[in-house]
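Notes to accompany the following structure.
The values are calculated or read from the model by the stated rules, or taken from the named source; none is laboratory data. Since we're looking at a predicted model, the values are computed, not measured. Neighbour counts run over all protein chains shown; Cβ positions are idealised from the backbone, glycine included.
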Amino acid sequence: MADATERLGEVSLELPKLTVHSLRDRTEEIIRDRLVAGALVPGPTYTIRSLADELDVSPTPVREAVQRLSGEGALEIVRNRGFRVVEMDTEALEENLFMRRLLEVEALVEVSSRIDPDRREVYERLIDEMEQAGQAEDYQRYLAASRTFHLGLVAELAMPKLTEMIGRLRDSARIGRVTRETNMVSGNREHHALVDAVFRGDGDEVRRLMIAHLDHHRHEWSDRPDGGESREGTAPLWRPRPH
Ligand SMILES: [Zn+2]
């Protein structure tokens, strides 16, 4: 994770600044990163104490962060023992995708109408980073670059609350899921097409591509090793346009 950030640092990206004011906020961000990266997974009960030791902080900020994350539904507190990661169910995933379609897709359409052409290089470099991570089958590195890519695009609008909200939605779709992308290579082909459409200012194409891109989360879900049985026979709340 650390070296991915370093590598991305060379790109001199102006990343959306998630305000990190306190130790609690910082601790929460670290736990969130671990959840998104799949370093904390559904199943085991984690203790506050062992996580605090690992992060080299006192139990208080960890307890507060866990409480906040449990309020979001990402974690579940196990009384007197610690916490567990909540596995995201199909309905929650559909809701998440619905919200991202409302927010993230339209944000990108807006970005395509006003982005500075000079910014293209930043996104080309992130695509290269994802390419290399895909070839190395380094999922965490891919994920870090993918997050920077997608949130970086949204952040071009300079609407920090929107960027933060979309960031939270993206992260929570990763939490409690099997952290294995079915196909990093084809995912990255879509990033190429998306960047082309964004910098051409083709809002309709951006919308079409981004809806299809989001829809792949559902495919990833059904490709889970357990066969995604829980979603059998469950109709999604919405269907993307055919493409
Ligand atoms: Zn992507």
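Tabulated data for the structure shown
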{"quantity": "VAL198 vs. criteria away from the ligand (no atom under 12 Å from the Cβ) and buried (at least 22 other Cβ atoms within 10 Å of the Cβ)", "calculated": "yes"}
{"quantity": "Within the stretch 170-187, tally of residues that are at pLDDT below 85, within 14 Å of the ligand (Cβ to nearest atom) and assigned to a helix (DSSP H, G or I)", "calculated": "7"}
{"quantity": "Any chance ARG114 is crowded, with 19+ Cβ neighbours inside 10 Å and either under 13 Å from the mean Cα position of the chain (by Cα) or assigned by TED's automatic domain parsing to the domain that holds HIS192 (or both)", "calculated": "no"}
{"quantity": "Residues located in the stretch 97-111, provided they are under 15 Å from the mean Cα position of the chain (by Cα) and closer than 20 Å to HIS191 by Cβ", "calculated": "LEU97, ARG100, ARG101, LEU103, GLU104, VAL105"}
{"quantity": "GLU131 within 16 Å of the ligand (Cβ to nearest atom), assigned by TED's automatic domain parsing to the domain that holds LEU209, within 16 Å of the chain's Cα centre (by Cα) and of a type in the set (Asp, Glu)", "calculated": "no"}
{"quantity": "Some residue of the stretch 47-63 being touching a Phe, Trp or Tyr at 6+ places or on another chain (Cβ under 8 Å) and either closer than 20 Å to TYR139 by Cβ or not assigned by TED's automatic domain parsing to the domain that holds TYR142 (or both)", "calculated": "yes"}
